[in-house]
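Working notes, structure below.
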Amino acid sequence: MYFIRTPYIVKKLFPNIIWEFSGNENTIYLTFDDGPHPKNTRFILEQLDKYNAQATFFCLGENAEKYPEWIREILSRGHAVGNHGYRHLNGWKISAKDFRANYIKGKAILENISGNEVTLFRPPYGKIKWNQMQNQDASIVLWSTMPGDFDATISSEKCYYNGVNNLCSGAVICLHDNEKAQQHLVYCLPKWLEYIYNVGLTANRIIL
């Protein structure tokens with residue numbers, strides 16, 4: 001189960017987490033989790049380039065190790081890279097010590113490849129416990145909208161409308177840079193970008 005639009009009460013319960021940027025008029029924030037992946041990342045970057053759109057890629061350390069050239073390619077095209085941990089571990093099912101170790105390893109690999117400090121973090125599955133939030137040296141970014149590009153139980157048309165119907169200024173949209181999301185993304189991403197452009201919104205990377 002997942003919320004297409006994050007409920008207001010959830011955002012209020014966790015005010016230290018970044019869910020959206022409500023003061024940023026006419027700007028939305030596309031984010032892509034789990035990459036890099038040669039085929040999917042290439043497709044995403046090509047679509048973003050067509051509309052001069054920028055995005056934030058929350059990358060797994062183990063994938064960055066396999067494909068470091070795609071981390072550098074993401075950055076060379078003006079996008080941002082955030083940490084998604086080394087492996088895709090569910091924070092609700094592991095200790096604070098193991099969560100921290102996974103976070104640190106992912107961060108170190110991304111910083112070594114990019115040569116830049118990585119200041120954004122999105123926990124895998126968006127799941128993090130109170131004690132895992134302590135001593136964080138990065139901003140935790142979740143999302144206000146999740147269209148469900150990973151969801152094989154919905155049609156690509158449904159995924160598209162999940163995104164369009166929940167677009168608003170300052171929204172952070174959670175998408176995925178993996179094979180599971182590929183079918184929906186191939187259909188939806190070009191259409192979303194065209195829609196965003198036509199309604200006068202700008203897609204930007206997250207900069208804090």
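The values are calculated or read from the model by the stated rules, or taken from the named source; none is laboratory data. Worth saying up front: this structure is predicted, and the values here are computed from it rather than measured. Quick reminder, even Gly has a Cβ in these numbers, built from the backbone with ideal geometry, and neighbours come from all protein chains shown. Note: areas computed on protein heavy atoms with side chains; ligands, DNA, RNA excluded. Shrake-Rupley method; radii C 1.70, N 1.55, O 1.52, S 1.80 Å.
Here are a few things to note about the model shown:
- For the range 1-46, filtered to residues that are buried (at least 19 other Cβ atoms within 10 Å of the Cβ) and polar (S, T, N, Q), the residue that is nearest to residue 130 (Cα to Cα) is 6.
- Test for residue 63: is it more than 18 Å from residue 173 (Cα to Cα), among the polar types (S, T, N, Q) and open to solvent by 10 Å² or more (accessible area, probe 1.4 Å): yes
- Segments classed as helices (runs of 4 or more DSSP H), wholly inside the range 40-121, with at least 1 members that are of a type in the set (Gly, Ala, Ser) and closer than 27 Å to residue 186 by Cβ: 61-66, 68-76
- Leading residue by the ranking (farthest from the chain's Cα centre (by Cα)) among those in the range 155-184 that are more than 17 Å from residue 59 (Cα to Cα) and among the aliphatic types (A, V, I, L, M): 164
- Annotation note: Cβ proximity below 8 Å between a residue of the range 181-207 that is under 21 Å from residue 148 (Cα atoms) and in contact (Cβ under 8 Å) with a residue 60 or more places away in the chain and a residue that is of a type in the set (Asp, Glu) and assigned to a loop (DSSP other than H, G, I, E, B) (sequence gap 6+ or interchain) occurs for 181/149; 185/149.
- Looking across the range 78-97, the residues that are free of Cβ contacts under 8 Å to residues at least 60 places away in the same chain, open to solvent by 10 Å² or more (accessible area, probe 1.4 Å) and closer than 19 Å to residue 119 by Cα come down to 81, 86, 87, 88.
- Residue in the range 133-142 that is closer than 22 Å to residue 45 by Cα, buried (at least 16 other Cβ atoms within 10 Å of the Cβ) and under 15 Å from the mean Cα position of the chain (by Cα) present: yes
- Enumeration of residues in the range 143-189 that are of a type outside the set (Phe, Trp, Tyr), within 17 Å of residue 82 (Cα to Cα), open to solvent by 10 Å² or more (accessible area, probe 1.4 Å) and assigned to a loop (DSSP other than H, G, I, E, B): 178
- Any hit, the range 70-77, residues being out of contact with any helix residue (DSSP H, G or I) (no Cβ under 8 Å at 6 or more places or on another chain) and in contact (Cβ under 8 Å) with a residue 12 or more places away in the chain: no
- Within the range 15-35, the set of residues being touching a helix residue (DSSP H, G or I) at 6+ places or on another chain (Cβ under 9 Å) and either of a type in the set (Phe, Trp, Tyr) or part of a loop (DSSP other than H, G, I, E, B) (or both) comprises 17, 19, 32, 34, 35.
- For residue 115, the test of being farther than 12 Å from residue 83 by Cα, crowded, with 16+ Cβ neighbours inside 10 Å and small (Gly, Ala, Ser) is failed.
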